[in-house]
Amino acid sequence: MVKVYYENNVDQDALADKTITIVGYGSQGHAHAQNLRDTGHNVIIGIREGKSAIAAREDGFTVKSVAEATKESEVIMILAPDEIQGILYDNEIAPNLTAGNALAFAHGFNIHFNVITPPTDVDIFLVAPKGPGHLVRRTFTEGFAVPALFAVYQDATGKAKDLALSYAKGIGATRVGVLETTFREETETDLFGEQAVLCGGLTSMIEAGFETLVEAGYQPELAYFEVCHEMKLIIDLIYEGGFSKMRHSISNTAEYGDYVSGPRVITAETKKHMKEVLTDIQNGKFAKGFIKDNKADFFAFNKMRKENAGHQIEQVGKELRKMMPFVTKKD
Ligand code: NDP
Ligand code: MG
Ligand code: MG
């Protein structure tokens, strides 16, 4: 069973008197920085000049180059995009790390796949909130938090676990629970979830359903409502109370069809493909491909982005959402 830590399991404020650099001020960066500051920690932002640097200054933070900020702090949390962390680490962070510093992440990718290989005399931990940065910030200001995972990869000082938990407390996560894991488990399950189910699996299933209806001669607008728009309503029910709440809320017709037809769509064959996806994550094939494409200016990535953006469901959805301005929230 997973071990969960709460406020009262973090007896030592291992972060007290330390300066924390948050590298990046995007989705996760702004939330970690602001929550840690509100908890009373000393936070500076390490970032290149640009949109995020301006936002960080407007929010009252001291902003420095990544190299300068690393030099001046004991804990360096890297919240830049995963694909640029390796080069950023080599050029700006590694030369400015000192023994006893701590290097932190919100996703284990670069450590687990050996893109970043830090010296043995620094602590390495991760604290990964299970939600986007804007929710990490909003729930904190409301007195709650988003649950998080934490893991220690390297404990050079004997204090790495205390530091990780203290950091998790600083961003609020111990209010609701912090789950202990490893870099390997966090990285592989995160990649699998987003590829096979949450992002890849879901969009492919919606597209296939949409195409099936449209190819059979049904109006694309109706197809959009039936296989895409209503998805959120179903997911909200599952989120609130599991499959049972969702199945309680839908009609008996829908529930009967759920049992009869669901397994005809997601078959043993589909699960076999899921296992192949997991294997490619575990053996590093996916990571290698992502890193290689990044080095080629994301040639394949950009091509796939363009192709997917052109799908008919995107055009139909764009028009239909104009009927429903209330669904388009700004954060
Ligand atoms: P974002 O893309 O939202 O933000 C990245 C930040 O890094 C921006 O402020 C960007 O600034 C800055 N940046 C980009 N390039 C550089 C550079 N060369 N030097 C310095 N700063 C740079 O990233 P996320 O917050 O989504 O992701 C950060 C980490 O958090 C990743 O490891 C991700 O896997 C993890 N994570 C993300 C979650 C999420 O929901 N988003 C959830 C849990 C973990 P600029 O404006 O200049 O481009
Ligand atoms: Mg992820
Ligand atoms: Mg219906």
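Rule-based calculations on the coordinates, nothing more; no lab input. Keep in mind the model is a prediction, meaning the values are calculated, not measured. For neighbour counting, all protein chains shown are included, and Cβ atoms are generated from backbone atoms with ideal geometry for every residue, glycine included.
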Most positive-pole-ward Cα, 290, 273, 327, against dipole of the chain from beta carbon charges: 327
Could you tell me what fraction of 2.2 N^0.38 Å the Cα radius of gyration of segment 191-327 comes to, as a two-decimal ratio? 1.23
Plugging the Kirkwood radius over Cα pairs into Stokes-Einstein for segment 33-134, at a temperature of 20 °C and a viscosity of 1.002 mPa s, what D comes out in µm²/s? 150
Dipole of the chain, positive end: most advanced residue of 106, 313, 81 [Cβ charges, Cα centre]: 313
Just 42, 252, 110 to compare: in a GNM of the chain, with alpha carbon springs under 10 Å, which one fluctuates most? 252
In Å and on Cα atoms, what radius of gyration and Dmax does the chain show? 22.2, 67
Can you pull the one-decimal nm distance between simple spin-label points at residue 307 and residue 117, each 7 Å off the Cα toward Cβ? 3.4
Among 304, 274, 205, which one shows the biggest mean-square fluctuation in a GNM of the chain, springs joining Cα atoms closer than 10 Å? 304
Only Cα pairs within less than 10 Å get springs; with that Gaussian network setup on the chain, which residue of 21, 157, 253 has the largest fluctuation? 253
